[in-house]
Amino acid sequence: QVQLVESGGGLVQAGGSLRLSCAASGRTVAGYTMAWFRQAPGRERDFVAAISWSSINTRYADSVKGRFAISRDNAKNTVYLQMSSLKVEDTAVYYCAVGENMVRITTTPDYWGQGTQVTVSS
């Protein structure tokens, strides 16, 4: 089992920035892809960004390209999501996930975190 704990959420004004962190523990995540998803009230959980184990490959949802940046520190088993130029529509619960590869993680992650709330005010 892998436990994922997100942190860094909060309330921010539109145009501001936040950095989310997700620390993995338990079974090793070595070699695994890590990702962020988000779920706004009344909506399905959507893919946001993913990063491969080596950090060579990254992938973003069109809605966040150019504004969000995903990174990871394998020594700390942690993945980050730097969010800039935040918009009201970015308001959601953000979830961290771990999966086998860049293809599978966007549809069937193996592990989920509990989520952290991000609220962007106008």
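The values are calculated or read from the model by the stated rules, or taken from the named source; none is laboratory data. Here the structure is a predicted model, which is why all the values come from computation and not from measurement. Please note that ligands, DNA and RNA were not included when accessible areas were found on the heavy atoms of the full protein model with its side chains. Shrake-Rupley method; radii C 1.70, N 1.55, O 1.52, S 1.80 Å.
Listed values, structure above:
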{"quantity": "Of all accessible heavy-atom area on the chain, the percent that carbon and sulfur account for (1.4 Å)", "calculated": "47"}
{"quantity": "Probe 1.4 Å, all protein chains present, accessible-area order of Ile70, Ile56, largest first", "calculated": "Ile56, Ile70"}
{"quantity": "Gain in span if fully extended, Ser7 to Glu89, counting 0.36 nm per residue against the direct Cα distance", "calculated": "27.5 nm"}
{"quantity": "Potential lengthening between Arg104 and Ala40 on full extension [0.36 nm per residue; Cα-Cα distance subtracted]", "calculated": "20.8 nm"}
{"quantity": "Kirkwood Rh in Å, taken over all unlike Cα pairs in the range 30-79", "calculated": "11.7"}
{"quantity": "Per residue accessible area in Å² of the range 24-122, where ligands, DNA and RNA are left out and the probe is 1.4 Å", "calculated": "50"}
{"quantity": "Projected area, mean over directions - the range 81-122, Cα convex hull, nm²", "calculated": "3.6"}
{"quantity": "Rg ratio (alpha-carbon, reference 2.2 N^0.38 Å) - the range 57-115", "calculated": "1.18"}
{"quantity": "Per residue, the convex hull volume that the Cα atoms of the chain enclose (Å³)", "calculated": "90"}
